[in-house]
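Values in this text are rule-based calculations from the coordinates and carry no lab data. The model shown is predicted, which means the values in this text are computed figures rather than measured ones. As a convention, Cβ positions derive from the backbone with ideal geometry for all residues, glycine included, and neighbour counts pool all protein chains shown.
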Amino acid sequence: MTMKVAIIGCGPSGMFFLHALAHRRKRLEAEGDTAALALLPDVTCYERSSSPGGVWKSDRVEDKDDDDKLDKCKSTSMYEALWMNGPKECLEFFDYTFDEHFGCAMPMYLPRKLFLEYMLARCTKDNPTFFDDVKFNTSVESVTYNEEEGKFVVQTLNRMTGLGTECTLFDKCIWAAGLNGKPKIPKSIYEILSSGGFKGRVIHSSEVGPIFDQCARGKKILMIGDSFSAEDLALQAIKLGAETVDICSRSGEGIACETGSWPEDRVDIHECYLPTEVTKDGSGIVLSNGEEEITLEDIETVIFCTGYLPNIDMLDESLRPRFEGRYIFTDYVIPKDWKMSKNPLTREFGPIAIGKITSSIGIVRGDVYRGLLISNPNMMFSFDMSENPILAVDIAMWLLLAHIMGDIPIPSQQQMKQYNLKILLDLLDTPFWRYYEENYMNRWYDIDDDHWSYDVSDKRMIDMLKDYFAKDMKIVARDCCDAKHPLQIGTYENLNERGEAFVEFNMVDSFHRYDLDEESPDASWKTFRDFDPSNKIYSVMTGTKAVPLKCRWLDIDGECKEDIVPT
C-alpha cells in the first residue's frame with residue numbers, strides 16, 4: 001500500500017518538503033525507475049490560509065470569535081515593509097539561483113516580499129501547478145495517534161464553509177506550522193499596562209501591518225524586547241518619522257543591543273530594564289532594573305517584540321515536543337568527567353559545572369532526533385533554529401524524506417538520545433553556545449563591561465564568534481550529507497569551501513552591526529544594511545557578488561527590485 005503522509009502548514013517547511021518529493025519524482029522518472037516511483041508517498045498538505053508562504057506573507061489569519069488579546073492571533077505573518085536581517089547568500093537554492101530569478105546582481109539584504117517571490121518561483125518554475133493539490137483554507141483541528149492501527153487521525157476543518165470536520169488516516173505526520181505560529185506576550189507586563197490604565201496603543205510586532213504608519217509617525221514608541229523584530233521595527237519607525245524609539249531589553253544580550261549606533265540618534269536601549277508601572281496620567285511608563293528607575297513620558301505606542309510560540313495546539317499531548325522549561329534535557333546525563341576544551345575564556349572562568357538548560361541549543365532538542373519525535377518517530381517536526389534557517393529547513397526536508405523512504409535507518413530511542421547528547425556536548429564546548437546554560441551565563445554576567453569579551457574587534461572574540469557559526473554549520477553539513485542533498489557544504493568534521501563561505505557571510509553580517517559607529521560622519525543615516533558587501537559577499541552557486549543598495553536604506557520607499565538595485 002502507498003504510504004500516506006500529512007503535512008501541517010505550507011510555509012517554507014511544507015513547500016520545501018513538497019519540492020524535495022517533486023525533485024525525487026523527477027529524477028526517478030528520468031531514470032525510468034518505476035519500482036521506486038511506486039514507493040513514493042501520497043502527501044496531503046494542509047494550510048489554514050489561502051496561499052503558501054507561512055509567516056513570510058503579510059496577510060494574517062485570525063479567529064474572530066476569540067477576544068483574548070493574549071491569544072487572539074492564531075496565525076502570524078510578517079509585518080509590512082519587513083526586510084531580511086541576514087545575508088541572502090546563505091539562503092540561495094541549489095536548483096534556482098538568484099541570477100536566474102532576478103537577472104542581475106542584488107544587494108545582500110532583500111525586502112521580505114522579494115524573497116518570498118523567490119521561494120515561490122523556485123517551486124513553480126518547472127511545475128506551474130505545484131500548489132494545486134495543497135488544501136488551502138483548511139485548519140488542522142486535531143492530530144491523535146491510534147496505537148492499534150499505527151495511524152495518525154487528522155481532523156480538519158474547511159475554513160471557507162465552516163461546515164463539519166473531516167477525519168483522515170495517515171502513516172506519517174509532519175508538523176511544519178512554524179516556530180512563529182502565534183504571538184508571545186508576557187502576561188505580567190501586559191497586565192501592568194492594562195491594569196495601570198495606559199492610554200496608548202498596545203500591539204504585538206506581528207500586528208503592526210498596515211497600521212504601523214499611524215502607530216509610528218510623529219509618535220514616541222516603546223518596544224519591549226530586543227531581538228530582530230525590535231531591530232527591524234525600530235529602523236522602520238525612524239524611516240516613518242517616529243519622534244523617539246525606546247527599547248527595553250530584559251537581558252541586554254539581544255541583536256538590538258549589539259548595534260553600534262542608530263540613525264538620527266532617535267533610539268535608546270535600556271539594558272536589563274522592564275516596565276514596572278504606568279504613570280498616574282496613563283501616558284508614561286516606568287522602567288526598572290531592580291535598583292534604578294527610568295520614566296518614559298508621553299509614550300503613545302507600545303510594541304511587544306517578545307517573539308512567538310509554536311502553534312502545536314492541534315497535536316495530542318503525547319505528540320508534542322517540549323519547547324522550553326527546566327526539564328527540556330532532563331533525560332540527558334552529562335558525563336562526570338566532561339569538561340570544556342581550552343578556549344580564550346578558560347583561564348579566567350576556570351571549570352564550571354553544567355547547570356540547567358532551559359531551552360533548545362541550536363537545532364538540538366531533548367525529545368526530537370533530527371526532526372523525528374523520539375517517542376514516536378512517525379511524528380516529524382521542522383524546526384528552523386539554525387543561524388541560516390532557510391538553508392537548514394530545505395536540507396531538513398530532504399532528511400525527513402530520506403527517513404520516510406527508508407534511505408536512512410531510524411535508530412533506536414537510545415541511539416537517538418546518544419546522538420543528541422554528542423551534539424549537545426559539542427555545542428556546550430563552544431563559549432557562545434554554552435551561554436545558553438545558566439551557570440556559564442551567570443559567570444559571563446559577572447564580567448565587567450570593559451572586558452575584552454565585549455570588544456568585537458578583539459581577535460579572541462572574533463575566534464569565538466567564528467566557532468559559534470561554524471558549529472551550527474557543521475550540524476547542517478552532516479544532515480546535508482546524510483540526506484544526499486545536492487548542495488554539499490562539507491562534513492560534520494570539516495566544512496568545504498562553500499560551508500566556510502557561509503560561516504564568513506554570517507561573520508560579515510554580525511560586524512555590519514558591530515561596526516556602526518555613533519561618532520562616524522555617516523552615523524545620522526547609516527544602518528547595517530547600508531554597508532558595501534561587494535568585496536566579501538558572493539553567491540556560492542554562481543560567484544556573483546552582492547551589490548550595495550541603490551541609495552541609503554532610509555531613503556528607500558518600496559519593495560520592488562527597481563527600488564533597491566543600482567541602475
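Taking 0.890 mPa s as the viscosity and 25 °C as the temperature, the Stokes-Einstein diffusion coefficient of the stretch 185-306 based on its alpha-carbon Kirkwood radius rounds to 175 µm²/s. The chymotrypsin sites (Phe, Trp or Tyr not before Pro) found in the stretch 427-515 include none that occupy coil by DSSP while having at most 11 further C-beta atoms within 10 Å. Backbone N atoms of the stretch 279-319 closer than 14 Å to the 7 Å Cα→Cβ label point of TYR445 belong to residues 289-291. Straightening the chain between SER51 and ASP313 buys 92.2 nm, computed as 0.36 nm per residue apart minus the Cα-Cα spacing. Taking a ≥ b ≥ c as the square roots of the Cα gyration tensor eigenvalues, the stretch 413-462 comes out oblate, since a/c reaches at least 1.5 and a/b does not exceed b/c. Between GLU292 and CYS560, the contour length at 0.36 nm per residue exceeds the alpha carbon distance by 91.9 nm. Were the residues from GLU258 through LYS339 laid out at 0.36 nm apart, the gain over their Cα-Cα distance would be 26.2 nm.
Rounded to the nearest 0.05, the FRET efficiency derived from the C-beta distance between ASN158 and ARG460 at R0 = 60 Å is 0.55.
Within a straight-line Cα-Cα reach of under 17 Å, LYS561 can be paired with the following lysines, leaving aside sequence neighbours fewer than 8 residues apart in one chain: LYS88, LYS113, LYS545, LYS550. Taking the helices alone, the chain has a mean residue ellipticity at 222 nm of -9000 deg cm²/dmol, built from -39,500 (n - 2.57) per DSSP H run of at least 4 residues and averaged over all its residues. With respect to the chain, whose longest principal axis is taken over its alpha-carbon atoms, helix 228-240 is tilted by about 60°. For the pair the stretch 506-522 / the stretch 402-469, the C-alpha centres are spaced 25 Å from each other. Using the Cβ-Cβ distance between GLU348 and SER142 with R0 set to 56 Å, the FRET efficiency works out to roughly 0.60. Any idea how far the Cα center of the stretch 324-388 sits from the one of the stretch 85-124, in Å? Their Cα centres are 32 Å away from one another. Viscosity 1.002 mPa s, temperature 20 °C: Stokes-Einstein D of the stretch 342-449 from its Kirkwood Cα radius, in µm² per second? This corresponds to a translational diffusion coefficient of 137 µm²/s.
In degrees between 0 and 90, to the nearest 10, how far off the longest principal axis of the chain does helix 12-31 point, with axes built from Cα atoms? Helix 12-31 sits at roughly 40 degrees to that axis. Once R0 is set to 45 Å, what does the formula 1/(1 + (r/R0)^6) return for the Cβ-Cβ distance between ASP213 and ASP429, expressed as a FRET efficiency to the nearest 0.05? That gives a FRET efficiency of 0.40.
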